[in-house]
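In what follows, a structure is listed as C-alpha cells, so that the remarks can point back to it.
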Amino acid sequence: MSELLPFSLRIWEADFGLPTVDPNSLTALTILKMSNANVRITYGSCPQYAAIPSLTRNNKLLAEGSDFLESVLSVCNLDSQLDGRLQGLSMAYKRYFLETFEPLFFYDCWIHKPNYEQLIRPWYMSAITFPFNFLYMKSKRRQAVERYHCLKKMRTRENFLTQSYEAVSCCLEDFNTLLADRRSYILGELPSGLDAIVYSYIKIALSLPVPDVRLQNTIKNYKYLCQYVRNLTRRYYPEVEVEYKHVQPETAVNERASTLTLLIAAISASTLMMAYAHINGIIHLKFPKINLSR
Amino acid sequence: MFSGTPLLDKIQYELGAQEPWPKDVKLYQPYEVEQILLPDNANCLAVQAFLRMCNLTFEVVSKSNAEFMSPSGKVPFIRCGAFVISELEPIVQFVNTKGISLTSELESDQKSDMRAYMSLVHNVLENSELYLCWCDKETYNEVTKPRNGSVYPWPLNHLQTWTKKSHVIKRLKMMGWFSKTIDQVYHEVENCCQALADRLEGKEFFFGKNPTELDALIFGHLFTILTTPLPNSHIANIVRNFPSLINLVQRVEKDYFKRDTMR
C-alpha cells in the first residue's frame with residue numbers, strides 16, 4: 001500500500017533557471033523523475049527545522065544527511081535495469097566523477113572568494129529564514145574550510161587548483177568521449193544513477209551566475225557533454241524558466257563601468273599620452289601665439 | 001625534488017623525460033614486518049607491482065619515518081635521480097614521461113574505464129582499509145596501535161598514533177565513511193569486488209593479455225587484504241568469494257614477484 005503513496009522530497013529552492021540550486025537536491029529529483037516515481041516537492045527555507053534535502057514517504061524518513069544520495073539511489077533502485085557489468089561500470093564512473101569533479105565544484109562555490117561572497121553567501125542568506133541563515137552559513141563555511149584543508153593536504157593553493165583542473169579536464173574528456181556517439185545516456189539507452197549525478201553537477205555548474213567563470217569555460221570545451229545536459233533538461237525539466245529570485249546577475253557578475261566613466265578615462269589617457277609625446281619630442285604641437293604687447 | 005610551482009614541475013618533468021631510467025632508483029616505505037599498516041602496505045605493493053610490470057629496476061628501502069620524508073605525506077615514494085615522487089598515479093605519469101607505458105595500446109574508452117575503476121578501488125578498498133584499521137576498536141587496539149607506535153619511544157608512540165588517528169578520522173568524515181557501520185563497509189567491499197569480477201569476466205588481466213596499472217593497484221590491495229592477519233578476517237573472506245580476483249592476484253604474484261605465499 002505504501003508503495004503507491006507519493007514520495008515527499010524537500011529540496012532547496014529553484015533559481016537561475018535550475019529546478020533547484022543544490023547538486024544533491026537536483027540529483028535526487030532527477031533520479032525520481034528518471035524512475036517515473038510519484039513525487040511531491042516542497043521547497044525548504046530552514047534547514048534547522050528539517051534537513052534539506054530529505055526524502056520521506058508516508059511521514060517515514062527515507063534519506064537525509066551524508067548518505068542522502070546513496071539512500072535515494074537504493075530506494076529508487078534505478079540501476080537495477082542495467083546488467084551486472086553495466087551496474088559495476090556505473091558504480092565506478094560515479095566514484096570517478098564524484099572524486100574528481102565534485103571537490104573542484106565545491107571549491108569554486110564555497111572557498112573561491114569572488115564566487116562565495118558575490119553569489120553563494122548572498123543566495124543562502126536570502127533563501128534561509130532570518131536569523132537561521134547566519135547560523136547555517138557560519139557552520140557551513142567552517143565545514144567548508146575544514147574540508148578544503150583536508151582536500152588540499154600539503155599542497156599550495158596553486159598546486160591544488162592546477163592538479164584539480166587537470167584531473168577535471170581529463171574526467172570531462174572521458175565522459176565527452178563516451179557521449180560522442182550521441183547516445184541518450186552515459187551507459188547507453190537506459191538512464192542510471194550516474195546520469196542523474198553527472199547531469200546535476202554539470203547543469204548547476206553551467207547555470208550559476210558566478211563572477212569567475214573558469215570552471216564553466218572548462219566544461220564548455222566538451223560539446224557532447226554540454227549537448228547531453230541540454231537534452232536531459234529538455235526531457236526532464238522542459239517547464240523550468242530562467243528567473244533570478246535571490247541574487248540578480250548584475251550583482252553576481254563584475255559590474256560594467258558606466259559610459260561617462262569610460263569617456264573620462266579615455267580623454268584622460270589620450271591627454272596624458274599626447275603630453276608625454278610632446279614633452280619627449282615625438283610629436284610637435286603648435287599652439288597659436290597670443291600677442292600681449294598691445 | 002619538485003619546486004611546488006606547477007610550471008617549474010612540468011619543465012622539470014619534461015627535462016627528466018630525456019634521461020633513461022637510472023639504475024639506482026629507490027622506493028621508500030615503512031618497515032614491512034613490524035610497522036606498516038594495511039592501507040600503506042597495499043599502496044606500497046601496488047607501486048612495486050607497477051614498476052615490476054614495467055620491467056624497471058628499483059631497490060626497496062625501509063625507513064621508519066618514510067611518510068614524513070614523502071612530499072605528499074603518503075607512502076610509498078620513489079627517488080629517481082633528482083626527482084622524488086609519491087603515490088601510484090604520479091609515479092605512473094613520471095614513468096610515462098620516460099616513454100614507458102602499460103596502456104599505450106588501449107583504446108580511449110578503455111583508458112576511461114581504467115581511470116573509473118581505479119577511482120573505485122581507491123575510494124572503496126582504501127577507505128575500507130582505513131576504516132578497519134582506525135575505526136574498528138578490536139583491530140585498532142590489537143594491530144594498528146602497537147604497529148604504528150612500534151618505531152617511536154614512549155610517550156611519542158601514543159602521541160603519534162593519536163595524531164594520525166585524528167587525521168584519518170577527519171578524512172573518513174570528509175569522504176562520508178566515518179558514519180558507516182562495519183557491516184555497511186563490508187557491503188561496500190563486496191559490491192566493489194563484484195564490480196571488478198564482472199569487469200574481469202575470466203580474462204587474464206583487466207584489459208586483455210597484458211597488465212595495466214589497474215591490475216597493479218588491485219593486486220596491491222587484494223594481496224594485502226588476503227595475507228594480513230587481522231583479529232577479524234571477514235574482509236578477507238569477502239574477497240575469497242571471488243575466484244577470478246584470486247586468480248588475478250596469484251597470476252600477478254607468480255609473474256612479477258615469483259614468491260609462493262598464496263594459499
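Legend: mean number of C-beta atoms from other chains within 10 angstrom of residue C-beta atoms, peptide B:69-78, equals 1.
Say a paramagnetic label sat at a point 7 Å from the Cα of A:T129, along Cα to Cβ; which residues of region A:1-44 have their backbone N under 17 Å from it? Only A:10-13, A:42-44 fall inside the zone, counting backbone N under 17 Å. Taking the Cβ-Cβ separation of B:E89 and A:A266 as r and a Förster radius of 45 Å, what is the calculated FRET efficiency to the nearest 0.05? Computed FRET efficiency for B:E89 and A:A266 comes out at 0.30. Take every DSSP beta bridge with both residues inside the protein assembly as shown and express the antiparallel ones as a percent of the total, to the nearest 5. Roughly 65 percent of the beta bridges in the protein assembly as shown run antiparallel, per DSSP. The stretch between A:R183 and A:Q81, if pulled fully straight at 0.36 nm per residue, gains 35.0 nm over its current Cα-Cα span. Counting only Cβ charges, +1 for Lys and Arg and -1 for Asp and Glu, the dipole size of region B:108-258 around its Cα centre is about 520 debye. Does the protein assembly as shown come out rounded, prolate or oblate, given a ≥ b ≥ c as the square roots of the eigenvalues of its C-alpha gyration tensor, rounded meaning a/c under 1.5 and, failing that, prolate meaning a/b above b/c? Here the protein assembly as shown falls in the oblate category.
Within 10 Å of the Cβ of each residue in A:74-85, the mean number of Cβ atoms contributed by other protein chains is 1.
Each residue of region A:174-181 is assigned a 3J(HN,Hα), and the resulting list reads 4, 5, 4, 5, 4, 8, 5, 8 Hz, derived from the Karplus form 6.51 cos²θ - 1.76 cosθ + 1.60 (θ = phi - 60°), x at Gly and Pro. Past 19 Å, Cα to Cα: identify those pairs from A:K153/B:K173; A:K152/B:K170; A:K140/B:K173; B:K26/B:K145, in the order given. The pairs that break the limit, which is 19 Å between Cα atoms, are B:K26/B:K145.
In terms of packing, defined here as the mean over residues of other Cβ atoms within 10 angstrom, the peptides A:75-82, A:39-46 line up highest first as A:75-82, A:39-46.
Computed over region B:108-258, the quotient of the alpha carbon radius of gyration and 2.2 N^0.38 Å is 1.13.
Using Cβ point charges alone (K and R +1, D and E -1), the dipole size of chain B about the Cα centre works out to roughly 560 debye. Packing here is the average count of other Cβ atoms within 10 Å per residue, and on that basis the peptides A:188-199, A:222-233, highest first, run A:188-199, A:222-233. Cβ-to-Cβ counts within 10 Å put B:K209, B:K98 in ascending order as B:K209, B:K98, the fewest first. For A:V145 and A:A50, a Förster radius of 25 Å and the Cβ-Cβ distance give a FRET efficiency of 0.45, rounded to the nearest 0.05. About its Cα centre, the protein assembly as shown has a charge dipole of approximately 1640 debye under the convention of +1 per Lys or Arg Cβ and -1 per Asp or Glu Cβ, with nothing else charged.
Remark: the B:S101-B:N141 segment gains 10.2 nm on full extension, using 0.36 nm per residue and subtracting the alpha carbon distance.
3J(HN,Hα) couplings calculated from phi for region A:131-147 with the Karplus curve 6.51 cos²θ - 1.76 cosθ + 1.60 (θ = phi - 60°) are, in sequence order, x, 5, 4, 5, 5, 5, 5, 5, 6, 5, 5, 4, 4, 5, 5, 4, 5 Hz; Gly and Pro show x. Would you work out if chain A is rounded, prolate or oblate? Take a ≥ b ≥ c from the square roots of the eigenvalues of the alpha-carbon gyration tensor; rounded if a/c is under 1.5, else prolate when a/b is larger than b/c, oblate otherwise. Prolate, because a/c is 1.5 or more and a/b exceeds b/c. Legend: mean number of C-beta atoms from other chains within 10 angstrom of residue C-beta atoms, peptide B:117-125, equals 5.
Secondary-structure-derived ellipticity at 222 nm for the protein assembly as shown, considering helices only, amounts to -16500 deg cm²/dmol, per-run term -39500 (n - 2.57) for DSSP H runs with n ≥ 4.
A dipole drawn for the protein assembly as shown from +1 and -1 charges on Cβ atoms has a positive end, and of A:V145, A:F97, A:Q81 the residue lying farthest that way is A:V145. Please work out the Cα center distance from region B:71-116 to region B:55-69, rounded to the nearest Å. Measuring centre to centre over Cα atoms gives 16 Å. Length gained on full extension, B:N65 to B:S244, computed as 0.36 nm times the residue gap minus the Cα-Cα distance: 60.8 nm.
Quick note: the coordinates plus some simple rules give every number you see, no bench work behind them. Computed from a predicted structure; not experimentally measured. A quick note on method: Cβ atoms are made from the backbone with ideal geometry, for glycine too, and the neighbour counts reach across all protein chains shown.
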